[in-house]
Structures are given as structure tokens and as C-alpha cells.
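Novice: Shown below is the structure under consideration.
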Amino acid sequence: MITINVNGTPHQVEAEDGMPLLWVIRDVLNMTGTKYGCGVGSCGACTVLIDGAATRSCSFPAALAAGKNITTIEGLKTGDTLHKVQQAWIEAQAPQCGFCQSGQIMAAVALLKEKPQPTDAEIDAAMTNICRCGAYSQIRAAIHAAAKV
Amino acid sequence: MARGWFITLPLAAALAASTSLTNAAPPESPSAAAFREVAKVLNHPRCMNCHTTVNWPTQGETRQRHTFNVMRGPDGGGPPGMRCTTCHQDKNQDAMNIPGTKNWHMAPMTMGWTGLSPNQLCKALLDPAKNGGKTGEKVIEHLRSDPFVLWAWAPGGKRKPPEMAHAAFVAAADTWIKKGADCPQ
Amino acid sequence: MVSRRLVIFGGVAAAGGLAVGYALMPYSTLDRAKGMIAKEGATPLSAWVRIGTDNSVTVIVPHSEMGQGVHTSMPMMLAEELDADWSLVRMEQAPADMAFANRALAREYLRGDMSIPSWMSGVAEFGARKVAESMNLQITGGSTAVRFTGVRGMRMAGAAARWMLIKAAAAKWGVPESEIVAKQSKLSHASGKSATYGEMAAAAAAYDPPVDVPLKAKKDYTIVGQPIARFDIPGKVDGSAKYGIDVRLPNMSYAVIAASPVFGGTLKSVDEKPATAMKGVKKVVKLPAAVAVVADNTWRAKEALAALQPQWDEGQNANVTQATIFAGKEAALAKGGLTEDHASGNVDEALKGAKSVIEATYKVPFLAHAAMEVMNCTAHFEGDKLTIWGGFQDGLGAKARAAKAAGIPIDNVTLNHTAMGGGFGRRGGTLDYLDKAVAIARQVEGPVQVVFTREEDMTQDFYRHASLAKMRAAMDDKGKVTAWLHTFTEKHDPPEAIRVNYDFANQAARYASDTNPIPWGPWRSVDHTQQGFFIETFMDELAAAAGKDPFEFRRAHLEGAPRHKAVLELAAEMANWSVAPEAGRARGIAIRDAFGTIVAQVAEVSIGADGRARVHKVWSAVDPGEVINPATFTAQIQGGAIYGLTAALYGEISIDKGRVVQQNFPDYEMVRMAEAPVHEVRFIESGARTGGAGEPGTAPIAAAVGNAIFALTKKRIRELPFMKTTLTASTATGAANG
């Protein structure tokens, strides 16, 4: 058993060696906002924040998460108030199918934390998540909008 | 600072000057010959993929550009928001075929080796401006015990380690430095 | 002249004596539909709309949301005609029930206005593929939602409901109907009397829906044509939207599946022990052509599956390779006896008599859909009752398929719709994932979620077919095309994908089918993806051969197609075509008429140091007849272009030893943020019949990019993806587009 802190709540979970954090979040804690997309760290749909840094949870062993603070898409809100990135996402009408958007939003939150006013080049470098619907221009616009808040 | 370091440099230079005057290539010094063995390892994809001279790492045995626009970033650890550690964790993740060891990052651009000949590589390794300010001994130390170097011999998944065993590699590097830090021509 | 809309009205009324409001719904299913959507405190005015006593307006949408905004555009169309207060409008997805069949689609088919794509008519598995059975469709695909349900259903339902409310108010207040104003969900009269729609709903329900009701003029629209925020978006930014893979039920198991890696292979045997010995594993399920591991979470199922070494009977495809497939295509075209798709004039004579004939061969590979949400489905048997959870482009078709797979009556199946993490055709008629879930659920206690890993998703897809085209054409001295002969392999849908809108006197298209054993499925824009590349690249080659500007050359052949010409001209204007781009870049142009929407695209490219094309900008001029929601339509065109661009630049599924080589995104690369072009979209609302939004943006992009690469490098790439060809920018760049 290990203890992981997700969105400020500690959870005792059983996770064998090598089990990625993603599946603990999705199948053990039943928090399904964090998505499985590729399982090999390539698409970014599973992105969560670990101690504030964007991390692809499909390739992060849950055992390494013990004692760290994990933030998932469900934990971005403060009470009922959306995070400014989520709000910007709605205003830009960024999602299409929406499946990649939890990961996109988490990556954007991590980017804005380090670069509050990112340039387009910095957005290109940080936002490597796949959006199969091709909502990239709306996502870019949303990041710029969130940076202004 | 290792004393041997500064002593050997003029010798190497003298040797280089003298060989350039002769037609037949003289036999290579044991030091230089040892470096050729070292260079084979350094030219291995496990080393070269992160010792690049471009703004991105390469990957795989073919040293193709790292997929999905992965960049070096300001400190070699990836750009803000997309750090190397976004995917590369403290150990190899074989189920996902993602290599890992603590603090995964690229070597600085100044330590880039892409396209260097054994001679250039040798000189780069001896140049404190291109080796992270290391003395010869420190270079050996890096090759002997740096977690990244050691990772190359346990790279996980289907990744191939260098053909030469790590101990033999360190021994060759040791010979190279101790016998004069000569650079092959 | 009677309008087309009234023809449909009359025709349907004559056939079935139906109520207006679900204009194309037979009377027999009316009560059933009403019953299913009726809720306490709400009066169903028609199957498409429910007005609550709280004055809320709930629009029942029979289509599935997969990001195209249909759950918002449908209510917009209804609310517009109803004159509803948009802030009071809600959306509810219709249950997968016959009462909500996409009869509009079937109706169009009967009228001969469009043909139902073969993959769609195969969906309704009630036996033989008869037209009557195709009436059971509940399709979201073929860009049909707005075109048919919206135009034929939602608008009329809204208008009819409004009419009934007015009728009720007039009777209650004793005033003429003509004096009643219905606006913003409120009825009022000059006398000062007023009531909300909700207050009048019960009274209105007593009236029969009208047979004929005038629709609004476009100039009076206040909702349609506005960039209305989508209903489905808030749930997609806080993680609360539930996709098929997010279904969590008490006592649920997780299954990960591996089908025979060779297409057509079957399972010979498997030693279950390595898996059953592992923690959390409940069962190994053997299917005729697949093996699955059922466990208490997805990871454990996946790991245990990986521990198995199933033995496959690889069947007759074990030696199929990319090379044998293309050799087969070459042979099929060389053999002759091709099927003629269409012909006018005498192309063979015209080519024979031509001074010179221009020829080119084009090649495109297989493509996987790679929706972000891998294929999955949750199924639960309780006796002979089956419950399904999942994302389906055609809920009703899926329900029928599940019943067939389970061997139980359709009424024993309950289907719960979830959001879809992308469909792109994969979640339409190719419901193998549903079949597999049903088969596995049969052998499992409690609900089981069957998930494809990404690798399984990529290697067990139904692929956009690889195809080969040989084009031949002749021109006169003035650069006018006198003959156009298009031969190719693999024809599917839609029919217009093979057509050109250019005025070629002598033309024909001929094809060979079934030249490979790889499973086929519709892939966003279907045949347009390859035909757009073939036709519009060859057109560019002809322009170059004639020494003409590619835009002017196309334009000169569109004299008989004013809408197409206007779209082409707008794209050129948007891109500032006549002015050369900055040094190191060039532009290419292409135009397609896909799913009722005409799209002309200009792409501006450069060549990177890595020898790959980089697309900086795209301009799309689009004539869909009319635009319901410009924000979602723009996103669909942009997204469609990205989907096509990914395929054009990187997309290749190749076959070796009868199986797919590519496994996951690292070897099936995608356009991501850094490669996504700036894309400007403008619309021409010509008033022509409403066209689709989801697919047209995909159709021209490969040719537009390839034509730009040619303009820049003078190298004509005739094989996709472009990344297979290493490029060097010509030194004389930026000089001209041509």
C-alpha cells in the first residue's frame, strides 16, 4: 500500500511495482478526467501535475508518486470557480471531441506557471499533446487569453 | 586540477606536429589508440542522442530526431511546461518503452558531439570549455560513475548498450588519459 | 413552384398521415416517441422538443456528439423557428430507439437526392439491406446531421411548436392568431395579455401540429448564424464529461483484448496460466479470433494479456505485404475490364486523337483513424437482457448490432450513449469493438469494460484503403482540357468524390475494387481523401504543362460552375494569390466539393532543414449553402484540414506478413501544435442546399500542400505521405505560385 495525495486528498492505494499512476487514478480512484491515449508518453492525454510539473501519468510509476502532490483536471477548480485556463478554454470554445483536453489543459497550466506570458514558440515547445480533432488554433488562443487574466 | 592534464597537452601537440611532416603514418600512441576505443562508445546512440549540437535530442538506434517536437529548452531539461521529466522518470519504464534515470536531461550544447571525428571528439573532451570544466580525472570519473553513463549499459527495453563492457570502457579511458591524453589523427 | 421543403412535407403526409413537427416520422411511432421523452411537468409538443412548465425548452437530438457541435447546432435550428429564449434551451440526446430514427436520411435516399453510403446501410442489421431497413438509421456521419435532421426536422418542429403555442394563446385570449407575437419564449398581445411558452405549453399540446407552417426568412434569424457556445464544452474542461472508457459501474471488470494480428487469422490455442497466475486477473476469454484478459483494472488486464503467447492460425493473408498489395493494384488496373463510374463525351477517342497525352500515377497508403479515445465498449448481461455503454455514431444501428451479436430481441437491449473521443468514421458501421464486448460479457459476471490498447486500436482498425490512380489527360493549344481519364483502385463513398466540377468535354472515371484483403472503413471524408489528392494534383500538373497559373487554370475550367468558381476566387483573394509569399515559401491551391460543401484551400509551405514540408498558413473558402454556427463550422474546417494534413505529411499504415506494422503514435505521427498552420476560414452563404461541416475541410488539403511543394521545389510528389520524400527548397523561391 502506498499513500498518494490527489487534489489535496490522501488515498491509500495498492499499486504493484510498475503500475502507472494513470491507472491508479482512473481505475482505482475512479477519477476518469485523466485520459488514456497511448500509454507510451506520446500523446499527453494523461497529463497531470506532480508537484506542479506536467507529467504524463501513463509512464509515471505510481510508487514514485508517494508523498508527492498530484493535481488532476478534477482538482483545478477552486470550489465552484474554474481555473483561469479552464475558463479561457470555454471562452475560446477549444474542445471538439474533448478527449485530449484534460491533458491539454494540465499542460497549459504547467506552462503558464513557468511562463506567465508565453510566446507562440514557447507554446509550440510546451504543448506537444495530440489533438486528433485539430483544435490547435483554439487551444493556442485560449492559452494566450488565459495569460492575460 | 589534474597536473597530468597540462603536461600532456604540449606533448600531444608536439606529436601532432611531428606526424604531419612524415609521409607514412606512424603507429598511433597507446593513448590515442585507447581513445579510439573510447570514441566508439561515445559515438553510440545511447550517448549521442542526448549529446547533440542541435536544439533537440535524438532517439533510437538510428538517432532520428526525437518525436513530437521535443526541444532542449533553456537548461537542457526541456522547455517550460514540457520538461524531459514529463515523460522520463527515475528509472526505465519498459512497458512503455521509455528510458529513464534520475533527472533526465540533455548534455549542454557545448558538450554536443554530433558529427565529430575521433580527433575532434578527443579534443572536445579535453577542452574544459566543452567538457563542463572537467579535468582529465573528472572526465574519467564522469565516465566511471555518472548515472547517465551507467544507464547506457542498462538502457531498458530493446535499446542496445554499447558493445564494449563498461569496465573495459573505463579502463580504456583511463589508459587514454594516463598515457598522455593523446588524440587520434 | 412548390418548394422542395413542401414537397417533402406533402409527400410524407400523404404516405403516413403524420404530424408535423417530426416531419418525417410515421404516425405509428409518434406516441412511442412522445412517451419516451415526456417528463413530469413538461409537455411534449413533438418528438424533437419539450417545453417545460418552468419555460425551459428541451430539444431532443437524435445524433451523437463527437466534437462537431451537433448537440448545439440542432437545438439552434429548432430554437430559431420556435423563437425561444436561447438561455432557456437545453439539449437531450434521444434514446437509441426506432422512434428517433434518422428517417430524414432515409427519406433523402428515397427521393434520390443522395445515396446512403454503403457503410451506413450496412449498419442497420435487421436482415437484408432493404430501403425499409435503412430507415432505422440513427446516423451521425456523412456530414448528415444539419443537412437532414436539422433542415428537415428541427426547423419544422420548432415552427410547428410555435404555431401551436400561438393557436392556444389566440383561443385563450380570444384574439386573432395574427395579432400574437411570439418572441424570446414569450407570447404577447397588444392588449397587454402575455404568457410564457411554459404557461401555454399544456394548452398548446391539445392542437394537432400543422401540416404546413412557414419558416423564417434568414434575415430574421437571431440564433442561427451566431457563434453560440456549445452545450458540451463545460464538461470537457473539468473532466466531468463521460466517454465510453470512463464508464464506471459497481462490480465492473476490465478486459483488454488482442485479436489475431494477421487479418483473417483465428485463435488456435493459448496457455492461460501466465495470465491467470497474475494478480487481479479474473479470467482469460477466448474468442474465435481473439483473446482477452479480464481483470480488476485495465493495467492488470493489459499486463496479463502481454504475458500470454497466443498461437494463431494466420490464415490466407499471412504473406500479404505492402509490395504484394500494390502489385495487385497495378495488375488490377493493367488487366482492364474496369468498372465505369461515369463518362461523358468519348474520352478514349479524344485521347487517341490528342497530339500529346499527359499521364501520372499516384499512390496513397492505408490510414488508421487513431481517434484519441481508443475503441472500447462496456457490456452487461443480466439473463437475456443486455445493457451497453459506449460511443457510437449510430446508436440505433449499434443497438441492432448488439442484439444480433447477442442473439436476443432488440427490445432486450438498452444502449447508453456516452460522449465520443473522436469518431472520424471508426465508430459508425465498424462495430467490431461492440461485437467483442458482447462476446466477452457473455462469459463474465457483472459489467465488463472491453478496451483496445492503442496498439490494438491501430493494428485492428478498418482502414482508409491504400489506392493507386493512373490519370491521363489531353489539352488543346489554349490549355483547355479536352480529355480526362481517371482510373483508380478502391471506390467506396460518396459518389461525388470521383467527380470533377470542371467542364471537361470528354471524361471518364473507371476503377477496380477489392484489390486488397485489408478491412476497409470510412475515414473522415472517405473517398475524398484520396480522390482529392489524385484529381487536384493532376489538375495542377496539367496547369504546369500548359504553362498556366494553377488558380487561373482551374478558374478557366469552372465557367459552368459559378458556385465553385466563386469559392476558388475567394480562396485566392484571401491568400493574396497574385502577390508572391515571402522568400522560401510558395503556395498551392486545390478545390473539392464534398458532402454538399465546396471548399477551396490555399496552403503556404516552406521546406525545413530536415527536408520536410512545413505548412505555415492555410486559407479556406467554404460554401456550405448556409452556416448554422460559424464558430463550430470554422473549427470543423480547421480540424478537418489538420486531420488531412496529418495524413498528407506523416500518415502511413503499412502491411507486412499480413499485419499492420505501425503500433502507436511514435510510429504513426500526428500534426501537433508546432506543425499546425494558421488557418483562416471564410464562408460564402450561397443559399444553396445546406452542406456538411465535418468532412469537407479534409478533402483538398493534401493536394493544396503538394501543389505548394511543387511550386517551391519543382518536385512533384505523387505518393503520400510527403515525409517519404526528402525535399530541398529550390533557390528561386518566393517568385511565383505556379
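Novice: How many square angstrom of accessible surface are buried between B and A, both sides summed, with a 1.4 Å probe and rounding to 100?
Specialist: Interface area, both chains combined: 1600 Å², rounded to the nearest 100.
Novice: Which entries in the list C:K242/C:K283; C:K548/C:K617; B:K158/C:K436; B:K138/B:K178; C:K268/C:K436; C:K480/C:K548 go over 20 Å, if you measure between the two C-alpha atoms of each?
Specialist: Among C:K242/C:K283; C:K548/C:K617; B:K158/C:K436; B:K138/B:K178; C:K268/C:K436; C:K480/C:K548, the Cα-Cα distance tops 20 Å for C:K242/C:K283; C:K548/C:K617; B:K158/C:K436.
Novice: Further, regarding this structure: In a Gaussian network model over chain B where Cα atoms closer than 10 Å are linked, find which of B:D127, B:D90, B:D174 has the largest mean-square fluctuation.
Specialist: Evaluated over chain B, the most mobile residue of the options is B:D90.
Novice: Once the principal axes of the Cα atoms of region A:2-75 are found, what is the range along each, listed largest first in whole angstroms?
Specialist: Projected onto its principal axes, the Cα set of region A:2-75 covers 28, 25, 20 Å.
Novice: Considering only protein heavy atoms, what is the solvent-accessible area of C:T725 at a probe of 1.4 Å, reported in Å² to the nearest 10?
Specialist: 30 Å²
Novice: Okay, moving on. In nm, to one decimal, how far is the C:H342 label point from the C:D435 one, both placed 7 Å along Cα→Cβ?
Specialist: Label at C:H342, label at C:D435, 3.3 nm between them.
Novice: Return the sequence-ordered ³J(HN,Hα) values of region A:45-51 in whole Hz as given by the Karplus equation 6.51 cos²θ - 1.76 cosθ + 1.60 applied to θ = phi - 60°, using x for Gly and Pro.
Specialist: 5, 9, 4, 10, 9, 10, 6
Novice: Just reorder C:M420, C:M91 by solvent-accessible area, largest first, 1.4 Å probe, all chains present.
Specialist: Largest to smallest exposure gives the sequence C:M91, C:M420.
Novice: Using protein heavy atoms only (no ligands, DNA or RNA), what is the total accessible area buried between A and C, 1.4 Å probe, nearest 100 Å²?
Specialist: Heavy-atom accessible area buried at this interface is about 4400 Å².
Novice: Only sites in a loop by DSSP and with at most 13 other Cβ atoms within 10 Å count here; which trypsin sites (Lys or Arg not before Pro) in region C:341-383 make the cut?
Specialist: C:K355
Novice: Suppose R0 equals 25 Å; then what is the FRET efficiency for C:S191 and C:A171 from their Cβ-Cβ distance, rounded to the nearest 0.05?
Specialist: About 0.95, to the nearest 0.05.
Novice: Considering only Cα-Cα distances, which of the following residue pairs are longer than 18 Å: C:K193/C:K219; A:K115/C:K236; C:K470/C:K657; C:K363/C:K715; C:K363/C:K657?
Specialist: From the list (C:K193/C:K219; A:K115/C:K236; C:K470/C:K657; C:K363/C:K715; C:K363/C:K657), the Cα-Cα distance tops 18 Å for C:K193/C:K219; A:K115/C:K236; C:K470/C:K657; C:K363/C:K657.
Novice: Hey, what angle do you get for helix A:101-114 against the long axis of chain A, alpha-carbon based, 0 to 90 degrees rounded to 10?
Specialist: Roughly 80 degrees, rounded to the nearest 10.
Novice: Please label the shape of region C:467-724 as rounded, prolate or oblate, based on the square roots a ≥ b ≥ c of the eigenvalues of the alpha-carbon gyration tensor (a/c under 1.5 means rounded; beyond that, a/b larger than b/c means prolate, else oblate).
Specialist: rounded
Novice: To continue, here is another question. Using the Kirkwood radius over Cα pairs, work out the Stokes-Einstein diffusion coefficient for region A:24-149 at 37 °C and 0.692 mPa s, in µm²/s as a whole number.
Specialist: The diffusion coefficient I find is 226 µm²/s.
Novice: Ok, one more. Work out how much length C:L249 to C:T321 would gain on full extension: take 0.36 nm times their residue separation and subtract the Cα-Cα distance, in nm to one decimal.
Specialist: 21.6 nm
Novice: Report, in whole Å, the centroid distance computed from the Cα atoms of region A:96-115 and region C:705-730.
Specialist: What the calculation gives is 34 Å, centre to centre.
Novice: GluC sites (Glu not before Pro), restricted to region C:554-589: which are DSSP loop and have at most 14 other Cβ atoms within 10 Å?
Specialist: C:E559, C:E582
Novice: Leaving out ligands and nucleic acids, and using a 1.4 Å probe, what accessible area per residue does region C:620-701 come to in Å²?
Specialist: Accessible area per residue, region C:620-701: 24 Å².
Novice: Something else now. Determine the shape class of chain B: with a ≥ b ≥ c the square roots of the Cα gyration tensor eigenvalues, call it rounded for a/c under 1.5, and otherwise prolate if a/b is greater than b/c, oblate otherwise.
Specialist: Prolate.
Novice: Extension gain B:Q120-B:N103, at 0.36 nm per residue separation less the Cα-Cα distance, in nm?
Specialist: Full extension of this stretch gives 3.3 nm more.
Novice: Counting pairwise Cα distances across the protein assembly as shown, what percent come out greater than 52 angstrom?
Specialist: Looking at the protein assembly as shown, the distances longer than 52 Å represent 26 percent of pairs.
Novice: Now a separate question. Per residue, how many Å² of accessible area does region A:2-75 show with a 1.4 Å probe?
Specialist: 26 Å²
Novice: Just the isolated ones, please: cysteines in chain B lacking another cysteine beta carbon under 4.7 angstrom.
Specialist: That list is B:C47, B:C50, B:C84, B:C87.
Novice: Suppose we keep just the alpha-carbon trace of region C:506-564; what are its Rg and Dmax in angstrom?
Specialist: Just the Cα atoms of region C:506-564 yield Rg and Dmax of 15.2, 42 Å.
Novice: While we're here: Rg (Å, one decimal) plus Dmax (Å, integer) for the alpha carbons of region A:84-148?
Specialist: 10.3, 28
Novice: Only counting protein heavy atoms at a 1.4 Å probe, give the residues of region C:674-707, ordered by number, whose accessible area falls by 50 Å² or more when the other protein chains are present relative to the chain alone.
Specialist: Residues meeting the cut-off: C:A674.
Novice: Add +1 for every Lys or Arg and -1 for every Asp or Glu among the other residues with Cβ under 11 Å from the Cβ of C:Q663, and state the total.
Specialist: For residues surrounding C:Q663, the net value is -2.
Novice: Taking a 1.4 Å probe, which of B:C47, A:C97 shows the most accessible area, and what order do the others take after it?
Specialist: Correct descending sequence by accessible area is B:C47, A:C97.
Novice: A follow-up question, please. What whole-number value in Å² describes the accessible area per residue of region C:416-500 for a 1.4 Å probe?
Specialist: 24 Å²
Novice: Give me the number: length gained by fully extending C:S240 to C:H616, i.e. 0.36 nm times residue separation minus the C-alpha to C-alpha distance, one decimal in nm.
Specialist: Length gained between C:S240 and C:H616: 131.9 nm.
Novice: Could you give the longest part of chain B that holds none of the GluC sites (Glu not before Pro) found in DSSP loops with at most 13 neighbouring Cβ atoms within 10 Å?
Specialist: After excluding every exposed loop site, the longest remaining stretch is B:62-162.
Novice: Sticking with this structure for a sec: Name the residues whose placed amide hydrogens come within less than 5 Å of the amide hydrogen of C:L287, ignoring near sequence neighbours (fewer than 5 apart) on the same chain.
Specialist: Under 5 Å from the amide H of C:L287 lie the amide H atoms of C:A292, each far enough along the sequence or on another chain.
Novice: What is the percent carbon and sulfur in the accessible area of the protein assembly as shown, measuring with a 1.4 Å probe over the protein chains and ignoring ligands?
Specialist: Answer for the protein assembly as shown is 53 percent, counting heavy atoms of protein chains only.
Novice: Please give the solvent-accessible surface of C:V284 in Å², to the nearest 10, using a probe radius of 1.4 Å with every protein chain present.
Specialist: Answer for C:V284: close to 10 Å² accessible.
The values are calculated or read from the model by the stated rules, or taken from the named source; none is laboratory data. These numbers come from a predicted model, not from an experiment. No Cβ is skipped: glycine too gets one built from the backbone with ideal geometry, and neighbour counts run over all protein chains shown. What goes into the accessible areas is simple: the full protein's heavy atoms, side chains included, and nothing from ligands, DNA or RNA. Shrake-Rupley method; radii C 1.70, N 1.55, O 1.52, S 1.80 Å.
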